[in-house]
Amino acid sequence: MSVLVYIDTLNGSIAKNAMEAVYYGSKIGSTTVVTNGTIDEGALAELGKYGAQKVLIHRGLSSNDSSQLTNLVVAAAEAVSAETIVFSLDLTGRSVASRVSAKLKAGLVVGAIDLPAADGTVKVNVFSGKAYGNVKVNTAKKVIAITPNSIGIEAADGSASVEEFSADCGTAGIRVKEVQKQEGDVLLPEAELVVSAGRGLKGPENWGIVEDLAKVLGAATACSRPVSDIGWRPHHEHVGQTGLAIRPNLYIAAGISGAIQHLAGVNGSKVIVVINTDPEAPFFKAADYGIVGDAFEVLPKLTEEIQKLKAQN
Amino acid sequence: MKLLVCISKSPDTTSKIEFTDNNTKFNEGGVQYIVNPYDEWYALVRALELKETLGGSVTTITVGTAADEPVIRKALAIGADNAVRIDSEAKDAYYTAYQIAEYAKSGDFDMVLCGKETINYNGSQVGGMVAELMGLPFVSLATKLEVDGATATVHKEMSGGVEVVEVNTPFVLSAAKGMAEQRIPNMRGIMAARTKPLEVVAPADCDALVSFESYALPDAKTDCKYVDAGNIAELVDLLHNEAKVI
Ligand SMILES: Cc1cc2nc3c(=O)[nH]c(=O)nc-3n(C[C@H](O)[C@H](O)[C@H](O)COP(=O)(O)OP(=O)(O)OC[C@H]3O[C@@H](n4cnc5c(N)ncnc54)[C@H](O)[C@@H]3O)c2cc1C
């Protein structure tokens, strides 16, 4: 079966969630990757390690306009007679996948967290992580958008052939005026390690201990909804049912009570550590490791101990 | 401005999620429905603000059965002028988007707004599909929206930051947190909503492209392992050697 995987490489590198999408595709069939922009040919050839046979790059298109990218993906899908098109459910993938699905009238599975089962159904998160659903696609052509951090990937030997590809992608309806980069190195949606804090931290001036821990771990920072609502932290850090749903390997929650709406966004995490002064805090029921204690004492100590560990290794 | 806002229902966020019929159906017993928060708090309220400053009208559209009317009346109580209900279950995202696009094509709207995603199926598909079916630009995950004549300036989330973009009407937009502040309907709004027009339209012919075959609940967590607050070195050891996550 021919599989096409779209990845976003506009920032000049290949993110982990893009590798996951390629790897996912290669487990379904013979995989071609399509992308656009100015990324190095060498970096694209490396995708062979994750199972790509071939990479098509449209150098003439430098935008992330969903309408133009839809035309690109549809043209590439035609060129390789793709039966399944795979996206990572990152911010670009979200909007392009739905347009491609509508344009091709190909059923779309959003938020896949596993490879298709033997009966063809694909497992997804529903109810903001409170349950799973198994989705069946009723059309011959399929589009699958996978949740970042859901599948483990392994690199093998291999190199993909890289070919220039061009297609008439139409004009962009959207004109980019300005790009404001977010501070901090690790992006929350794709982060493997996350340090998160809630109202228990008492005020924005106390976030230094959260950031220090995140820094030694190489983690992203997150927060509960009230914390972003009152402006202690930026909105893009808000996790939960009405914020971001994340699936890191490690989620450390300090001073967060663990309300059902908060848990919905984080219970896909592989390991959860909860730090709370209240032994009855509901979050402990969802935790793997718990510390009943004061975040103002525990977080700095944890930072110190992790520094020690890093120094040994 | 003529604005169309897509309104979907979703179960109250405290609902217990359970399934029946051999795990093939969501158990609606005892479930309270609310207006999907992203549709209500951000898309609808920003549309109302634009109408208040620029003039025009706000119409809501819902693909749903008569059982969804309380949710539609809530949107009217918050301030929408009139509502349209496409009389059918929302079979899947494509079916829903197709119905909305068919209606919107005939309406000469300057903007179609929807929420970033619903909190039940979390698909975030409808906006992009409506845009494609109507051949319009799609501005996704908008956190700020200003309109000047036929041009809108939008802040939208992008991987690792925010993009400020310009787009001409008509277009489709999905609204994320930051766009507006939640409004609580007042008594006058609630009374007025009872008599505002709610047009029921027959669905257009369209097949669903996907179906949910079955559901499952996550495995219950095994018991939490407690570590003494005075012994953080032990926690680090467990995370390193047992859980192997650091
Ligand atoms: C429709 C709807 C949607 C929602 N969506 C979301 C969502 O997406 N995400 C979300 O997070 N919430 C959401 N909420 C809000 C949610 O219900 C909770 O109110 C919120 O998560 C609580 O935030 P918190 O845990 O930071 O604060 P609190 O509930 O106030 O908890 C603070 C915790 O800190 C502990 N604490 C205090 N001092 C210390 C200390 N020194 N050290 C350690 N611990 C300490 C306390 O014991 C307490 O457990 C939603 C609510 C509704 C109604």
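Numerical summary
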read-out	value
Test: residue in the stretch A:281-289 that is outside any helix (DSSP H, G or I), within 11 Å of the ligand (Cβ to nearest atom) and open to solvent by 10 Å² or more (accessible area, probe 1.4 Å)	no
Positions within the stretch A:257-269 being open to solvent by 60 Å² or more (accessible area, probe 1.4 Å) and at pLDDT 95 or above, in sequence order	A:Ser257
Any strands (runs of 3 or more DSSP E) falling wholly within the stretch A:108-161 and containing at least 2 residues that are under 13 Å from A:Leu89 (Cα atoms)	A:122-126, A:142-146
Number of the exception - A:Asn64 against (1) closer than 30 Å to A:Gly120 by Cα; (2) among the polar types (S, T, N, Q); (3) touching a residue at least 40 places away in the same chain (Cβ under 8 Å)	(1)
The lone exception for A:Asn276 - which of (1) more than 6 Å from the ligand (Cβ to nearest atom); (2) within 24 Å of B:Ala220 (Cβ to Cβ); (3) buried (at least 24 other Cβ atoms within 10 Å of the Cβ) it fails	(1)
Matching entry among A:Val216, A:Val210, A:Val176 (being touching a residue at least 60 places away in the same chain (Cβ under 8 Å) and part of a strand (DSSP E or B))	A:Val176
Qualifying residue in the stretch A:249-270 (condition: away from the ligand (no atom under 12 Å from the Cβ) and without any contact (Cβ under 8 Å) to a residue 40 or more places away in the chain)	yes
Residue satisfying all of: in the stretch B:201-234; facing chain A (nearest Cβ under 8 Å) and more than 40 Å from the chain's Cα centre (by Cα); farthest from B:Ala66 (Cα to Cα) among these	B:Ala233
Any hit, the stretch A:230-248, residues being open to solvent by less than 40 Å² (accessible area, probe 1.4 Å) and more than 23 Å from B:Tyr42 (Cα to Cα)	yes
Long-range neighbours under 6 Å by Cβ, at least six apart or interchain, first residue within 28 Å of B:Asp92 (Cα to Cα) within the stretch B:49-67, second among the polar types (S, T, N, Q)	B:Thr59/B:Asn82; B:Val63/B:Thr96; B:Val63/B:Gln99
A:Gly25 open to solvent by 40 Å² or more (accessible area, probe 1.4 Å), part of a helix (DSSP H, G or I) and among the small types (Gly, Ala, Ser)	no
Scan of the stretch A:238-248 for residues that are assigned to a loop (DSSP other than H, G, I, E, B) and either at pLDDT 95 or above or more than 6 Å from the ligand (Cβ to nearest atom) (or both), ordered by number	A:Ala245, A:Ile246, A:Arg247, A:Pro248
Filtered residue count, the stretch A:220-237, keeping only those that are near the ligand (Cβ under 6 Å from one of its atoms) and within 12 Å of chain B (Cβ to nearest Cβ)	1
Of all residues making up the stretch B:95-118, the number that are in contact (Cβ under 8 Å) with a residue 12 or more places away in the chain and either away from chain A (no Cβ under 13 Å) or within 14 Å of B:Ala175 (Cβ to Cβ) (or both)	15
Count - residues of the stretch B:94-117 that are within 15 Å of the chain's Cα centre (by Cα) and either surrounded by fewer than 23 Cβ atoms within 10 Å (Cβ to Cβ) or charged (D, E, K, R) (or both)	2
Within the stretch B:15-49, tally of residues that are within 11 Å of another protein chain (Cβ to nearest Cβ), farther than 20 Å from A:Leu244 by Cβ and among the hydroxyl-bearing types (Ser, Thr, Tyr)	2
Every residue from the stretch A:94-107 that is modelled with pLDDT of 95 or more and either under 14 Å from A:Thr147 (Cβ atoms) or open to solvent by 40 Å² or more (accessible area, probe 1.4 Å) (or both)	A:Ala97, A:Lys103, A:Leu104, A:Lys105
Complete set of residues in the stretch B:145-183 that are within 8 Å of chain A (Cβ to nearest Cβ), part of a loop (DSSP other than H, G, I, E, B) and without any contact (Cβ under 8 Å) to a residue 24 or more places away in the chain	B:Ser159, B:Gly160
Residue satisfying all of: in the stretch A:64-93; of a type in the set (S, T, N, Q) and more than 12 Å from chain B (Cβ to nearest Cβ); surrounded by the most Cβ atoms within 10 Å (Cβ to Cβ) among these	A:Thr84
Residues being open to solvent by 20 Å² or more (accessible area, probe 1.4 Å) and among the hydroxyl-bearing types (Ser, Thr, Tyr) - total across the stretch A:164-200	2
Qualifying positions in the stretch A:290-313 - more than 8 Å from chain B (Cβ to nearest Cβ) and crowded, with 17+ Cβ neighbours inside 10 Å	A:Ala295, A:Leu299, A:Thr303
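The values are calculated or read from the model by the stated rules, or taken from the named source; none is laboratory data. None of the values given here were measured: they were computed from a predicted structure. We place every Cβ from the backbone using ideal geometry, glycine too, and count neighbours over all the protein chains shown. We work out accessible area using only protein heavy atoms, side chains counted, and drop any ligands, DNA or RNA first. Shrake-Rupley method; radii C 1.70, N 1.55, O 1.52, S 1.80 Å.
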